[in-house]
Amino acid sequence: MSALKYWVWLSSVSGVGAVAARQLLEQFGTPESVYNADAREYGDVEGIDRAAIKQLLKKDLTPANNILSSCTSVGCSILTMQDADYPDRLRNIYGPPIILYVRGRLPAIDDEAAIAVVGTRNCSAYGLAAAGQIGSDLAKHGLLVVTGLARGVDTAAARGALRGGGKVVGGIGSGLDVVYPPENAQLFDDVAGNGAILSEYPPGSPAIAGHFPARNRIISGLSRGVLIVEAPQKSGALITARFALSQDRDLWVASTGVRADEGRRIYDRRGTMALAADGAGIVYSAADILEAWNMEMPPAKPEQIPAGVGLATTIAESLGVKL
């Protein structure tokens, strides 16, 4: 625990992001050595400017100790990038988080056929149904679903994977004690009970807009491939797609029709369509992903309904109806 406070301190220093924190670790070896360094030594590290040095010199461990206390209260653990259980898949991306706050039990990511399933919050009923069905089918055949637990596609994919009897890993842009969106409280419990929820932000951190693009690199970084179900041109899911490409991950989009349910309006899927035009693979079912990864189609697990998710909710979700 005494060493953890230095990890938490380094990850929380204002003006020192994940890239700079890793550079400091490479220079000094441990967070404690970073803490004990002086201004001249900080100045020798590439990318550490005067503003960052000023913050590093404050040497205040009080916030770090408070965060450790809050982790105990919240019931979350801390995984550092030097721990054996920290996924190599994530460790090797550009700018990996130096620590992860974990609720639940993180699967052995490097041994998993993990696929991120993400998309827009404001999706069509077709998008909800597609995400739920694909999530369920992937889980039934042994794949690990990674998603952001946001409204819309992410929520449908996570619920589908849980119904399929699989594990889910959720990467969020807030502290683990901050449920966002608030209506997903039961889903958060179900995911933590059947996998894990991860964040690089300490307990109490709000769900602010600037956190979500950063967490997207974690979602793609944990995964072998990324599936975008539905996304307009300015969707945050496209940020995840860009991270996937930069991390050399497989990238797919789900096949969608032009018109949404009942033909009432044209939904904005131009982002998804642009990815397909640029060469992303097109997925019609979970079988397409299994085939791309040369995975055999094992017998499917029976579908399950997790605690708190009734049959009426399941049907309503597939139809895009909010109960």
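Observations on the structure shown:
- Check on residue 45, of a type in the set (Val, Ile, Thr), more than 25 Å from residue 178 (Cβ to Cβ) and outside any helix (DSSP H, G or I): yes
- Yes/no for residue 185 being over 11 Å from the mean Cα position of the chain (by Cα) and surrounded by fewer than 24 Cβ atoms within 10 Å (Cβ to Cβ): yes
- Matching entry among 79, 56 (being touching a residue at least 40 places away in the same chain (Cβ under 8 Å) and either of a type in the set (Asp, Glu) or at negative phi (or both)): 56
- Looking only at the range 179-233, residues that are more than 25 Å from residue 249 (Cβ to Cβ) and polar (S, T, N, Q) come to 3 in all.
- Residue in the range 118-131 that is aliphatic (A, V, I, L, M), over 20 Å from residue 288 (Cα atoms) and crowded, with 24+ Cβ neighbours inside 10 Å present: no
- Pair list, Cβ < 9 Å and 6+ apart or interchain, from the range 271-286 residues that are within 12 Å of residue 242 (Cα to Cα) to residues that are buried (at least 17 other Cβ atoms within 10 Å of the Cβ) and among the aromatic types (Phe, Trp, Tyr): 275/252; 280/252
- Residue check for residue 86: crowded, with 19+ Cβ neighbours inside 10 Å, out of contact with any His (no Cβ under 9 Å at 6 or more places or on another chain), among the aromatic types (Phe, Trp, Tyr) and not in a loop (DSSP other than H, G, I, E, B): no
- Considering 64, 131, the condition of being in contact (Cβ under 8 Å) with a residue 24 or more places away in the chain, in the same structural domain as residue 248 (by TED's automatic domain parsing) and not β-branched (Val, Ile, Thr) is satisfied by 131 alone.
- Residue list for the range 132-144, restricted to those being within 17 Å of the chain's Cα centre (by Cα) and within 13 Å of residue 229 (Cα to Cα): 135
The values are calculated or read from the model by the stated rules, or taken from the named source; none is laboratory data. The structure presented is a predicted model; accordingly, all values stated were derived computationally and were not measured. So basically every Cβ, Gly included, is an ideal-geometry build from the backbone, and we count neighbours across all protein chains shown.
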